[in-house]
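The structure appears right after this line, and notes come after that.
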Amino acid sequence: MSAYEGKKVLVTGGTGSFGRTVAQRMLTLGVDEVRVLSRDEEKQDAMRHELRDGRARFYVGDVRDALSVERAVRGVDYVFHAAALKQVPSCEFFPLEAVRTNVLGSENVVRLSEAAGVSSVVCLSTDKAVYPVNAMGMSKALMEKVAQSHGLNDPDAGTVVSCVRYGNVMYSRGSVIPLFIKQVRAGKNLTVTDPGMTRFMMSLQQSVELVEFAFMHAQQGDLFIRKAPACTIGDLATAITELFESSSRVDVIGIRHAEKRFEALASREELARAVDEGTYFRIRADNRDLNYAIYVDEGDRSQSQFDDYDSQSVERMSLNEIKDMLLLLQPVRAELAAAGITVP
Ligand SMILES: O=c1ccn([C@@H]2O[C@H](COP(=O)(O)OP(=O)(O)O[C@H]3O[C@H](CO)[C@@H](O)[C@H](O)[C@H]3O)[C@@H](O)[C@H]2O)c(=O)[nH]1
């Protein structure tokens, strides 16, 4: 029997790439109900038609609005909190909108889940929350703090709240892979910001597995990352032009608002209190008491032994490895087939 059988699951931001995949999976695993809370009724309608399953229930609403969260979370067992403002450039122009959704909205989800007796909440975060330089990352870093403060402030809390951090999810909506593919298919040059920039790459499938791992294993305040390889954006562009047998070239356009040249999935400070679980790292919350007088004589010496887990120093994917990973993605295979290329 699966952990989801007979349970009610809420996915906030449930019409995105992650939400749709996880909802589909929950239905095959025998949930009693999967609820989707999101703002866009049109996307919900499309998803309703795609799923065609009476156990999928749709709630139009916004995590910023306590009332809509309260309604959606009533009677629910598990929450996957994916609703977020996640585009780096737009959050630079509207940082307070990022605070409203990513910080205050998350606080609504955590607080109202506890009030509704939910047993586990997993909050989705990003590598951009580590040493953040942009408003999106900063707001996600604060979301993580909100999630961890839940257990710090109430050690007897009935709801386990955990976080997961993603790298770049390949082929997610609005991201660079579908853009590069569109460009090569239109015979245009690829707009590469900086060929030496590196990013952690993971598939949608791996991101769902990470959330499920957190859900199954989390203790109060834990944060999980998946160990992932990284690639340069220059190699990614080359892999795509080669796969599509294209003669498109690269135009180096320079980096966008508030981008980093490389990302970190975990800081050295966090790795010092992390547990290596094979595919994943479990980063425990710093559960020391607020009464610092007790600790004044015993700080944490272990931190000096670790380096950041960043996309510049982890295993670098070769061109062939990037191609293999791209070929595992169904939408990439469909684009190749549509371009008349024989898919291996
Ligand atoms: O025309 C373009 C657009 C992007 N890039 C580069 O491609 C990489 C990936 O860009 P993109 O797919 O837009 O992702 P990120 O800006 O890295 O952010 C994504 O990945 C994050 C995880 O790091 C998520 O949190 C964000 O929500 C998601 O938008 C970056 O190095 C960009 O500089 C280009 O070279 N050319």
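The values are calculated or read from the model by the stated rules, or taken from the named source; none is laboratory data. Quick caveat: nothing in here was measured; it's all calculated off a predicted structure. Using ideal geometry, Cβ is built from the backbone for each residue, glycine included, and neighbour counts are taken over all protein chains shown.
Remarks
- Evaluation of Lys140 against (1) within 15 Å of the ligand (Cβ to nearest atom); (2) of a type outside the set (A, V, I, L, M); (3) touching a residue at least 60 places away in the same chain (Cβ under 8 Å); (4) within 24 Å of Glu212 (Cβ to Cβ) (one fails), failing number: (3)
- Residue match in region 16-32 (condition: touching a helix residue (DSSP H, G or I) at 6+ places or on another chain (Cβ under 6 Å), part of a strand (DSSP E or B) and not polar (S, T, N, Q)): no
- Residue that is nearest to Lys8 (Cα to Cα), among those in region 188-211 that are among the hydroxyl-bearing types (Ser, Thr, Tyr) and within 11 Å of the ligand (Cβ to nearest atom): Ser207
- Looking only at residues of region 169-179 that are part of a helix (DSSP H, G or I) and surrounded by 16 or more Cβ atoms within 10 Å (Cβ to Cβ), we find that the one that is farthest from the ligand (Cβ to nearest atom) is Pro178.
- Looking at Val184, Val161, just one residue is at pLDDT 95 or above, more than 9 Å from the ligand (Cβ to nearest atom) and in contact with a His (Cβ under 6 Å, 6 or more places away or on another chain), and that residue is Val161.
- Residues of region 241-270 classified as more than 11 Å from the ligand (Cβ to nearest atom) and touching a residue at least 12 places away in the same chain (Cβ under 8 Å), total: 13
- Criterion applied to Thr101, Thr193, Thr126, Thr198 was being out of contact with any strand residue (DSSP E or B) (no Cβ under 9 Å at 6 or more places or on another chain), among the hydroxyl-bearing types (Ser, Thr, Tyr) and at pLDDT 95 or above, and the one residue passing it is Thr101.
- If you go through region 239-288 and keep only what is of a type in the set (S, T, N, Q) and modelled with pLDDT under 95, you end up with just Asn287.
- When region 187-211 is limited to residues that are small (Gly, Ala, Ser) and surrounded by fewer than 19 Cβ atoms within 10 Å (Cβ to Cβ), the one that is nearest to Ala258 (Cα to Cα) turns out to be Gly196.
- Exactly one residue among Ala214, Ala218 is more than 15 Å from the ligand (Cβ to nearest atom) and surrounded by 22 or more Cβ atoms within 10 Å (Cβ to Cβ), and that residue is Ala214.
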